[in-house]
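As structure tokens, the structure follows; a few thoughts come after it.
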Amino acid sequence: LRLLPQQRYLRAERAEVSALERKRNVLCCLITHILKVEKQLHVDNLVFRVIEACQKGELGPGLQFLSFCCHSVDVLSCVLHLLNQGYLQRQEERPHVLEY
């Protein structure tokens, strides 16, 4: 019986999954931080603010992180995730406005 070495592509897939999870966590933190400050925000403005923060690598004084590229689809996916988890809410009369 001979043991085969672990395939390299398996390690690469794990690293990619880990990077995607970290990216999603950062995006979710950015979304909640922005909405905690603003209290309510139109979803388009929220997406713009999150993408801008990702490009700059900072959210405000003393809050810095490594900048990375994100797209509106990434942000909207995280918004839906946070809505499903109950962290965010939509206004009934204006469903395009999000609240923390």
>> So, in the range 8-32, how many residues would count as being at pLDDT 90 or above and open to solvent by 40 Å² or more (accessible area, probe 1.4 Å)?
In response: 0
> How about the range 49-92: which of its residues are open to solvent by less than 50 Å² (accessible area, probe 1.4 Å), part of a helix (DSSP H, G or I) and either aliphatic (A, V, I, L, M) or modelled with pLDDT under 80 (or both)?
Replying inline: 50, 51, 53, 75, 79, 82, 83
> Of all residues in the range 76-89, which are touching a strand residue (DSSP E or B) at 6+ places or on another chain (Cβ under 6 Å) and more than 21 Å from residue 23 (Cβ to Cβ)?
Replying inline: 89
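The values are calculated or read from the model by the stated rules, or taken from the named source; none is laboratory data. Please read all numbers here as calculations on a predicted model, not as lab measurements. As a convention, Cβ positions derive from the backbone with ideal geometry for all residues, glycine included, and neighbour counts pool all protein chains shown. Ligands, DNA and RNA are stripped out before the accessible areas are found, and what is left, the full protein with its side chains, is counted by its heavy atoms. Shrake-Rupley method; radii C 1.70, N 1.55, O 1.52, S 1.80 Å.
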